[in-house]
Amino acid sequence: MKKSNLFQNKNEFQGSNFKSHKVELEFLQNLGFATNPFNKEITGLDNIWNYAQEINQKRENLNYPIDGLVVKIDDNILSSKLGVVGKTPRGWCAIKFAAKESTTKICGITWQVGRTGKITPVAELEATELAGTTVQRASLHNYNEVKEKKLHYGDTLVIRKAGDIIPEVVDVLIKLRVHKHNKNANTDSSGKFKIPNKCPSCATQLIKTQTKIDLLCPNIDTCPAQIIGRLSYFSSRNLANIVGLSEK
Ligand SMILES: [Zn+2]
């Protein structure tokens with residue numbers, strides 16, 4: 001097909017004009033677009049499930065991260081008859097792979113001060129391999145989570161990485177706990193990590209948010225970490241886009 005003829009009849013390019021999703025993909029491929037070599041026409045639920053397991057095995061070796069696959073009804077007419085709920089077509093369904101998990105030990109907690117004054121605890125870990133990368137830190141989300149998990153120095157943690165987000169701590173294996181006091185890691189005599197009451201950046205007394213989920217540094221005007229955080233945010237690509245300015 002010549003390029004000049006391609007767009008004469010734009011209706012030709014509406015998805016509904018293609019009988020099947022497979023034909024759509026073949027059409028795109030013929031135009032030179034990259035299509036995924038793992039796209040496959042499959043009949044039967046068992047075969048779909050088996051193929052999903054096969055892709056799950058192969059995903060470690062892909063050079064891009066995936067967290068699942070999408071099953072689509074190939075017959076476009078049937079698919080459009082099924083309609084759409086919200087933004088989700090009834091003829092499509094996602095199969096999500098289980099997130100990759102690993103265990104490692106915690107050797108410290110860094111309390112980071114964000115640009116809004118919110119304090120975010122980050123677990124410092126013994127390096128471990130997870131989903132193809134070396135992980136040394138994982139998010140503990142907020143003050144309340146640290147308080148509830150009663151984390152101790154050397155605790156064995158289950159960490160998880162879903163998609164390409166920062167790993168998170170999902171569980172603490174309490175039976176493996178060995179009470180070890182560690183002065184450098186800022187623990188009490190039982191080895192439990194202390195929760196700071198002063199801002200690690202400006203030493204102002206921290207306050208709890210109304211929900212008691214987060215700790216907050218109220219020193220909006222002169223807390224260095226907050227000022228740097230705001231400057232860094234302001235100069236970021238989506239705002240002022242100042243190239244070459246970073247936190248260091
Ligand atoms: Zn502060």
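The values are calculated or read from the model by the stated rules, or taken from the named source; none is laboratory data. Because the structure is predicted, anything quoted here is derived from the model rather than measured. Neighbour counts are summed over all protein chains in view; Cβ atoms, including those assigned to glycine, are modelled from backbone coordinates with ideal geometry. What goes into the accessible areas is simple: the full protein's heavy atoms, side chains included, and nothing from ligands, DNA or RNA. Shrake-Rupley method; radii C 1.70, N 1.55, O 1.52, S 1.80 Å.
Below are the figures for this structure:
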| quantity | calculated |
| --- | --- |
| Check on Glu24, assigned by TED's automatic domain parsing to the domain that holds Ser80, charged (D, E, K, R) and either closer than 20 Å to Cys93 by Cα or modelled with pLDDT of 95 or more (or both) | yes |
| Residues that are open to solvent by less than 90 Å² (accessible area, probe 1.4 Å), in contact (Cβ under 8 Å) with a residue 12 or more places away in the chain and either away from the ligand (no atom under 16 Å from the Cβ) or within 27 Å of the chain's Cα centre (by Cα) (or both), drawn from the range 210-240 | Ile213, Asp214, Leu215, Leu216, Cys217, Ala225, Gln226, Ile228, Gly229, Arg230, Ser232 |
| Restricting the range 95-142 to residues that are assigned to a strand (DSSP E or B), within 16 Å of the ligand (Cβ to nearest atom) and not polar (S, T, N, Q), the residue that is farthest from Ala203 (Cα to Cα) | Pro121 |
| Cβ pairs under 8 Å, 6+ apart, first in the range 62-80 and farther than 25 Å from Ala98 by Cβ, second acidic (Asp, Glu) and surrounded by 11 or more Cβ atoms within 10 Å (Cβ to Cβ) | Asn76/Glu24 |
| Evaluation of Val113 against (1) of a type outside the set (Asp, Glu); (2) surrounded by 15 or more Cβ atoms within 10 Å (Cβ to Cβ); (3) under 30 Å from Trp49 (Cα atoms) (one fails), failing number | (3) |
| Any hit, the range 160-178, residues being within 16 Å of the ligand (Cβ to nearest atom) and either in the same structural domain as Leu62 (by TED's automatic domain parsing) or assigned to a loop (DSSP other than H, G, I, E, B) (or both) | no |
| Residue within the range 49-56 that is touching a Phe, Trp or Tyr at 6+ places or on another chain (Cβ under 7 Å) and touching a residue at least 60 places away in the same chain (Cβ under 8 Å) present | no |
| Qualifying positions in the range 134-161 - under 23 Å from Gly68 (Cβ atoms) and open to solvent by 40 Å² or more (accessible area, probe 1.4 Å) | Arg160 |
| Qualifying positions in the range 54-71 - surrounded by 12 or more Cβ atoms within 10 Å (Cβ to Cβ) and either over 30 Å from Leu82 (Cα atoms) or touching a Cys at 6+ places or on another chain (Cβ under 8 Å) (or both) | Arg59, Pro65, Val71 |
| Number of the condition not met by Leu78 [criteria: (1) modelled with pLDDT under 90; (2) part of a helix (DSSP H, G or I)] | (1) |
| Residues that are open to solvent by 100 Å² or more (accessible area, probe 1.4 Å) and within 25 Å of Ala225 (Cα to Cα), drawn from the range 169-193 | Lys183, Asn184 |
